[in-house]
Amino acid sequence: MAIIGTIRDKGRYVLIGFVGLALVTFILTGFFDSFGGGPVQGNLGTIDGEEVNVDNYNKYVNQFMLSDQQSFQQQGREYTDRDKEQSEDRAFQLAVDEQLLEKEYEALGIDVSEQEFTSYLYGEDGFTLLPDIQQNFVDPATGKFNPKQLQKFIEEREKATEPQAAQQWKDTKEGLKKSRKQEKYFQILAQGLYVTKLEAKEEYKAQKEVKSVSYVVANFRDIPDTDIKITDDEVRKFWEANKDKKKYEVMAGRDVKYFDIAIQPSKTDSNAFNLEMKKLKADFAKAKNDSLFILANSEVKQYASGHVMTFRPQGDQKARPGMTYPMELDTVFKTATIGQIVGPYNDNGRTRVAKVLDFNTNICKVRHILIAAQKGDTKKIAASKKLADSLVKVINKDNFGDFVMKYSEDPGSKEKGGVYEDFMDYEMVEPFSKFSTEKPIGTIGVVQTDFGFHIMEVMDRKTVKYPVLAVVEKTLLPSEETNINLKDKAYNMLYKMEREISAKEEVFDKLNLFDTLASKAEYFSRPVKMLDEAPRVSGFNTKLAEQKILELAYSPDAEVGQLCASPIQDKDRYIIAIVSSIREKGAPSFEDSYTQMKMEAIKEKKAKRLQAKIGAVRNLNVIAKRLKTGVAQADITFANPSIQGGGYEPEVVGALFSGLQDGKTTVPLVGNAGVYVFKLNKTVKAPAAANYDAERNQMLAQLRGSIANDARRGLQKKFEVYDNRKLLEIGLANPSN
């Protein structure tokens, strides 16, 4: 049965359209051959107990990866493993959305005939032409869409002898039909949306009616939690009384607690490293060939002659990555002598020793006109030289800008009058730099580079002093002995925890002991929460560590209080973890909700203490004096249940709008931030309105704008979607849901 009219919760995601991917398939070729590795097989997840279509998923993974890789290339960004996971997530969501919607199409009888598809594809009979088709099938003469080009393109693929080309059009056609079905489905949903006049009137009133109040608030934060004595029995009673409230409802899932033992250098390692750097500094000072010395001794083997190795202080906007020194050494470097060794010093976790080779002393400002002539094109070079030589004779500082706009072929500077400023010699090709740094200010002349001929004017030079450095860089790392010792420490601690925790019978005691033992060893345990509907882990340095945590939580014999079998190495740390929760959907267990329930129980005790302190007094000034605070003023609307100086308090604001008369004072009201007492000074009624069309239209627009999100959430809730991909990776593809 379709879910029209039954959607309630507001969603956060938008259904992914089929059009873009269908057209990627349509316009590009060979996308299935773009990636290595085989397709995913197995139980990816379920929809109402039915497995997610693995073939569709694999197809969409390829398409999204192709599209995303091309986008990253255009942006000059690396496409990482994490980016690949995001492509896979989008592919999974699309495969799920498609499967969910197919159930709806079948229930509603939604289909697309051949005639409708043709009109949709060509933008006829009231359909708007799809932008990608419009852009890719353009008549060069008119600049407009040419349906004959599209028809020819389709016919070629329908008659193609290559199976891939024919299949490509078949897949594209199917994808576009799905897009049209989706449009029709949401159009049907949109027709079912309605806002009544009464709803619009209430919205108008909620926005326009204002309550002007005076109030006193006794904030919970003013009473330290340590001042409230509470026992575990009291927390349990609070849990028993409140666990079934909607606000405490939990999703089915599993949690793990863990702490980490950092793999870091020992004091012995540090001492040995310092001695090594001291010797290296002495040897560097004596070195006759800095390039060979860096090649032999530095982890970063970077050396260049000239001023390319000009360094700037950290924070300098023109500094290049890796070519900086700490700001606190700025004076040291700028007052150093040629050949002086500076260091060792720490630079973002790396230890450096630097030799001062020279100083870069000029920041330049020039303007130029580029007459382009690529290296090797002798005919073009001759013509460009002739033009440059003739122009330089008539150019002066007053007309230079006019000639830039008319003749320069450098798009990077043309719109700025040909100006390049705040650059140093290493940032430009040598002839350009030499003219900029050596010619007197005001000089106009011609220089040749591989780009062509530059008519240049030296406009200004500022004197600076930045060091040119040869740098040896090393990183302090733990020795092999330290690595072994830390590994032994992690195993010994795990064995100790296993021995002591296994002796406890109560789950609550096991988990408390885990925290206690970690704390005694000066480690801090933290949680990892997972949901059965899509088990996954984040916040770790390696995929292997994430998989080990998932395996611990979701192995068939997993139980609360179970420790990992061995320390989990996560790059530069060892992790010790324990299963801390296996949750069923609904009311939380006492162990799972203990911390939250304790906080709420403490808050309840604070509220009772403050209410008792206020007592029967209703004079705000007297209450303020008792609480050692002041009387505040605020204007409040029902539509925005926030109190200036208080916080977001929907229940408290609701009480103010539930019939309190002007001039009256409330009883103490318990809110999120504290206990409030209000005096309603005046109610400013909403102005009379001829109609509430504006509110009705706004509310309707909001409903329509979120219809795809709401539909997706409603469908997923109805059909119980589970994403098992992460479990499939570790061989647990069929978890108990």
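Being assigned to a strand (DSSP E or B), farther than 30 Å from Gln340 by Cβ and acidic (Asp, Glu) holds for only one residue in Asp389, Asp410, Asp460, and it is Asp460.
State whether the residues of segment 494-501 include one that is closer than 22 Å to Gly45 by Cβ and surrounded by 17 or more Cβ atoms within 10 Å (Cβ to Cβ). No, the conditions are met nowhere in segment 494-501.
Selection within segment 583-598: residues that are surrounded by fewer than 18 Cβ atoms within 10 Å (Cβ to Cβ) and hydrophobic (A, V, I, L, M, F, W, C). The member of this set that is farthest from Trp239 (Cα to Cα) is Ala587. The single condition from (1) hydrophobic (A, V, I, L, M, F, W, C); (2) within 20 Å of Asp460 (Cβ to Cβ); (3) crowded, with 19+ Cβ neighbours inside 10 Å that Phe403 fails is (3).
Confirm whether Ile643 is hydrophobic (A, V, I, L, M, F, W, C), buried (at least 18 other Cβ atoms within 10 Å of the Cβ), on the phi < 0 side of the Ramachandran plot and under 35 Å from the mean Cα position of the chain (by Cα). Please lay out each step first, then the result.
Values: hydrophobic (A, V, I, L, M, F, W, C): yes; buried (at least 18 other Cβ atoms within 10 Å of the Cβ): yes; on the phi < 0 side of the Ramachandran plot: yes; under 35 Å from the mean Cα position of the chain (by Cα): yes.
The answer is yes for Ile643.
In segment 100-216, counting only helices (runs of 4 or more DSSP H) that sit wholly within it, the ones holding 2 or more residues that are over 25 Å from Tyr60 (Cα atoms), touching a residue at least 60 places away in the same chain (Cβ under 8 Å) and of a type in the set (A, V, I, L, M, F, W, C) span 163-191, 197-208. Select, from Glu276, Glu328, the only residue that is touching a residue at least 40 places away in the same chain (Cβ under 8 Å), acidic (Asp, Glu) and not in a strand (DSSP E or B). Unique residue meeting the criteria: Glu276. The sole residue among Ala565, Ala587 that is of a type outside the set (Ser, Thr, Tyr) and in contact (Cβ under 8 Å) with a residue 24 or more places away in the chain is Ala587. Which one of these is surrounded by 20 or more Cβ atoms within 10 Å (Cβ to Cβ) and among the aliphatic types (A, V, I, L, M): Ala553, Ala565? The match here is Ala553.
Looking at Gly126, is it within 30 Å of Gln702 (Cβ to Cβ) and surrounded by fewer than 16 Cβ atoms within 10 Å (Cβ to Cβ)? Step through it out loud before you land on a result.
Working: within 30 Å of Gln702 (Cβ to Cβ): yes; surrounded by fewer than 16 Cβ atoms within 10 Å (Cβ to Cβ): yes.
Answer is yes for this residue.
Scanning segment 494-534 for residues that are in contact with an Asp or Glu (Cβ under 6 Å, 6 or more places away or on another chain) and of a type in the set (S, T, N, Q) yields one hit, Ser525.
So for segment 162-173 (the condition being at pLDDT 90 or above and of a type in the set (D, E, K, R)), does at least one residue qualify? No, segment 162-173 has no match at all.
Please find, among Leu129, Leu121, Leu176, Leu150, the residue that is of a type outside the set (Val, Ile, Thr), in contact with a Gly (Cβ under 7 Å, 6 or more places away or on another chain) and in the same structural domain as Leu94 (by TED's automatic domain parsing). Can you show your working first?
Working: Leu121 fails: in contact with a Gly (Cβ under 7 Å, 6 or more places away or on another chain); Leu176 fails: in contact with a Gly (Cβ under 7 Å, 6 or more places away or on another chain); Leu150 fails: in contact with a Gly (Cβ under 7 Å, 6 or more places away or on another chain).
Every option except Leu129 fails the conditions.
Can Asp347 be described as in the same structural domain as Glu438 (by TED's automatic domain parsing) and closer than 30 Å to Lys439 by Cβ? So Asp347 fails the test.
Yes/no per residue for (1) under 30 Å from Gly45 (Cβ atoms); (2) surrounded by fewer than 14 Cβ atoms within 10 Å (Cβ to Cβ); (3) outside the structural domain of Ile230 (by TED's automatic domain parsing):
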position	(1), (2), (3)
Gln611	no, no, no
Tyr648	no, yes, no
Ala673	no, no, no
Arg696	no, no, yes
Gly714	yes, no, yes
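For segment 497-509, the set of residues classified as free of Cβ contacts under 8 Å to residues at least 60 places away in the same chain and either acidic (Asp, Glu) or closer than 16 Å to Tyr258 by Cβ (or both) consists of Glu500, Glu505, Glu506, Asp509, listed by residue number.
Do we have Arg704 as crowded, with 19+ Cβ neighbours inside 10 Å and in a helix (DSSP H, G or I) here?
Numbers: crowded, with 19+ Cβ neighbours inside 10 Å: no; in a helix (DSSP H, G or I): yes.
Judged against the criteria, Arg704 is not a match.
Look at (1) modelled with pLDDT under 95; (2) out of contact with any strand residue (DSSP E or B) (no Cβ under 7 Å at 6 or more places or on another chain) and you find that Arg461 fails only one, number (2). Checking every residue in segment 508-518 against the condition of being in contact with a helix residue (DSSP H, G or I) (Cβ under 6 Å, 6 or more places away or on another chain) and either among the hydroxyl-bearing types (Ser, Thr, Tyr) or closer than 30 Å to Asn43 by Cα (or both) gives zero matches. Looking across segment 190-209, the residues that are loosely packed, with under 15 Cβ neighbours inside 10 Å and hydroxyl-bearing (Ser, Thr, Tyr) come down to Tyr194, Thr196.
Kindly evaluate Gly654 against the criterion of being modelled with pLDDT under 95, under 30 Å from Arg221 (Cβ atoms), surrounded by 12 or more Cβ atoms within 10 Å (Cβ to Cβ) and not basic (Lys, Arg).
Details: modelled with pLDDT under 95: yes; under 30 Å from Arg221 (Cβ atoms): yes; surrounded by 12 or more Cβ atoms within 10 Å (Cβ to Cβ): yes; not basic (Lys, Arg): yes.
Yes.
Scanning segment 491-507 for residues being in contact with a helix residue (DSSP H, G or I) (Cβ under 6 Å, 6 or more places away or on another chain), within 15 Å of Glu559 (Cα to Cα) and part of a helix (DSSP H, G or I) gives a total of 2.
Per-residue answers, yes or no, for (1) surrounded by 14 or more Cβ atoms within 10 Å (Cβ to Cβ); (2) closer than 29 Å to Ser436 by Cα; (3) under 41 Å from the mean Cα position of the chain (by Cα):
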| position | (1), (2), (3) |
| --- | --- |
| Leu280 | yes, no, no |
| Lys288 | no, no, no |
| Lys301 | no, no, yes |
| Met309 | yes, yes, yes |
| Lys318 | no, yes, yes |
| Thr324 | yes, yes, yes |
| Thr331 | no, yes, yes |
| Gly343 | yes, no, yes |
| Asp358 | yes, yes, no |
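State all residues of segment 415-430 that are outside any loop (DSSP other than H, G, I, E, B), surrounded by fewer than 16 Cβ atoms within 10 Å (Cβ to Cβ) and free of Cβ contacts under 8 Å to residues at least 24 places away in the same chain; if no residue qualifies, say none. Once the filter is applied, which keeps residues that are outside any loop (DSSP other than H, G, I, E, B), surrounded by fewer than 16 Cβ atoms within 10 Å (Cβ to Cβ) and free of Cβ contacts under 8 Å to residues at least 24 places away in the same chain, segment 415-430 yields Glu415, Lys416, Glu430.
When you check Val667 against the structure, is it buried (at least 18 other Cβ atoms within 10 Å of the Cβ) and β-branched (Val, Ile, Thr), yes or no? No: the conditions fail for Val667.
Taking segment 129-147 as the range and being exposed (fewer than 15 other Cβ atoms within 10 Å of the Cβ) and of a type in the set (A, V, I, L, M, F, W, C) as the test, the residues that pass are Val138, Ala141. Could you tell me which residue of segment 217-241 is surrounded by the most Cβ atoms within 10 Å (Cβ to Cβ), considering only residues that are assigned to a helix (DSSP H, G or I) and among the basic types (Lys, Arg)? Ranking the candidates gives Arg236 first. Just so you know, in segment 292-315 the residues that are part of a helix (DSSP H, G or I), of a type outside the set (Val, Ile, Thr) and in contact (Cβ under 8 Å) with a residue 60 or more places away in the chain include one that is farthest from Asn346 (Cα to Cα), and it is Phe293.
The values are calculated or read from the model by the stated rules, or taken from the named source; none is laboratory data. Source: prediction; values computed, not measured. Cβ sites come from the backbone with ideal geometry, for glycine too, and all protein chains shown count toward neighbours.
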